[in-house]
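The values are calculated or read from the model by the stated rules, or taken from the named source; none is laboratory data. The structure displayed is predicted, hence computed values, not measured ones. Backbone-built Cβ (ideal geometry, glycine too); neighbour counts: all protein chains shown. Ligands, DNA and RNA are stripped out before the accessible areas are found, and what is left, the full protein with its side chains, is counted by its heavy atoms. Shrake-Rupley method; radii C 1.70, N 1.55, O 1.52, S 1.80 Å.
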Amino acid sequence: MYDPKGNGKQKTVEAVTFTEVEPPPALCGIVHRFLELKTNCALPEDYRFHALPDACTYIVFDQLDRRIAGVSKLRATSEEFNLGRSFHFVNIRFLPGVWQGGLDLIDYGLVDKPYTGELPLAPVNQALAQDAFAGGIAHLVKLVEGLIDKGIVAPNPVTQKIFQHLDDIHTVADMAEISNLSARQLQRTLKRTTGFAPHDFLKVLRLQQTLNGKDIWSYADQSHFIHSFRKATGYTPGKYARKFDV
């Protein structure tokens, strides 16, 4: 199954904590992980967070300014965000394709402004502040259950098939065949539910497979792999491994 790595945390910054918690079994087809990223003390310099393309949609809560929350994702290349010297974020990482609430509601990049939409993100952000991260998981689960009831998130049978057969997919044609869709149907379905064209979706999956230890999956040779990895992340694989912990 698909196990995306959404970030590269700088190895040299010990005062930054990144925690991942698996969802309860009932939400496993919807949520990949609940996440917390925070500083344990003020840092001596600004922290740059390397966000990796994973095709996932996130709900982001800023615990230092509880007005700030929103829905976010990345495009097919990584981005580096300056988070400053003190920060505390709690996120929900949804699996690719499960967000049904409209791609026009999603910010592409860092969430950095007060939320003004219809989702109950502000009260959830306030509730999260009353507990440690582990205790706040119940608030995140309740939010996701409400989104399911409203049809805002739902399992995606097409992406589920793709994830179940990742090792057998080397081309967009393979992806279409495994999904039992024509190339045109696949294009329409992935664009609507993930925001990605099939080629870009495959590119993201390839990158994520390399981060999970399958360095030459679907690459013609090592130079092709290095070129593709650098194009997606801005780093060669060796430099990335030395700088970041994924």
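Using the crude model of +1 on Lys and Arg Cβ and -1 on Asp and Glu Cβ, and no other charge, please compute the dipole size for the chain relative to its Cα centre, in debye to 20. Mind dumping the intermediate values first?
On the way: 28 positive and 27 negative charges, 89 e Å.
Value, rounded to 20: 420 debye.
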Expected 222 nm ellipticity per residue - DSSP helices of 4 or more, -39500 (n - 2.57), all of the chain, to 500: -10500 deg cm²/dmol
Spin-label zone in the stretch 12-41 - amide nitrogen under 15 Å from a point set 7 Å from the Cα of Gln100 along the C-beta vector: 29-31
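Using the Kirkwood radius built from alpha carbon pairs, what does the Stokes-Einstein equation give as D for the stretch 45-85 at 4 °C and 1.567 mPa s, in µm² per second?
Numbers: Rh = 11.5 Å.
In µm²/s, the coefficient rounds to 113.
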For the chain, alpha-carbon Rg over 2.2 N^0.38 Å: 1.01
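May I ask you to give the percent of accessible area on the stretch 124-175 that is carbon plus sulfur, with a probe radius of 1.4 Å? Please report the intermediate quantities before stating the final value.
Values: 1420 of 2550 Å².
Reported share for carbon and sulfur atoms: 55 percent.
Taking 41 Å as R0, compute the FRET efficiency from the Cβ-Cβ separation of Thr236 and Arg85 and round it to 0.05. Numbers along the way, then the final one.
Details: r = 29 Å, r/R0 = 0.70.
It comes to 0.90.
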Lys/Arg +1, Asp/Glu -1 at C-beta; the chain dipole; positive extreme among Gln10, Gln63, Leu95: Gln10
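Sorting check: for 17-27, 142-152, 66-76, which peptide has the highest mean count of neighbouring beta carbons within 10 Å, and how do the rest follow?
Details: 17-27: 14.1, 142-152: 15.7, 66-76: 19.7.
Peptide ranking by packing, descending: 66-76, 142-152, 17-27.
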Dipole magnitude (debye, nearest 20) for the stretch 25-170, charges at Cβ of Lys, Arg, Asp, Glu: 180 debye
Cα centroid separation - the stretch 62-102 against the stretch 31-52, whole Å: 11 Å
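Quick check for me: using +1 on Lys/Arg Cβ and -1 on Asp/Glu Cβ, what's the dipole size of the stretch 11-92 about its Cα centre, in debye to the nearest 20? Let's see the in-between values first.
On the way: 9 positive and 11 negative charges, 33 e Å.
Around 160 debye, computed over the stretch 11-92.
Multiply the residue separation of Lys150 and Arg188 by 0.36 nm, subtract the distance between their alpha-carbon atoms, and state the gained length in nm to one decimal.
On the way: separation 38, 0.36 × 38 = 13.68 nm, distance 2.34 nm.
Once the chain is fully extended between Lys150 and Arg188, it gains 11.3 nm.
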Nearest-0.05 FRET efficiency for His227 and Ala173, computed from C-beta distance (R0 25 Å): 0.65
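Report the relative contact order of the chain, percent, no decimals, based on alpha-carbon pairs under 8 angstrom and at least 6 residues apart. Display every interim value, and only then the final one.
Details: 414 pairs, mean separation 55.3, N = 246.
After rounding, I find 22 percent.
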Dipole of the chain, positive end: most advanced residue of Ala176, Leu83, Gly136 [Cβ charges, Cα centre]: Ala176
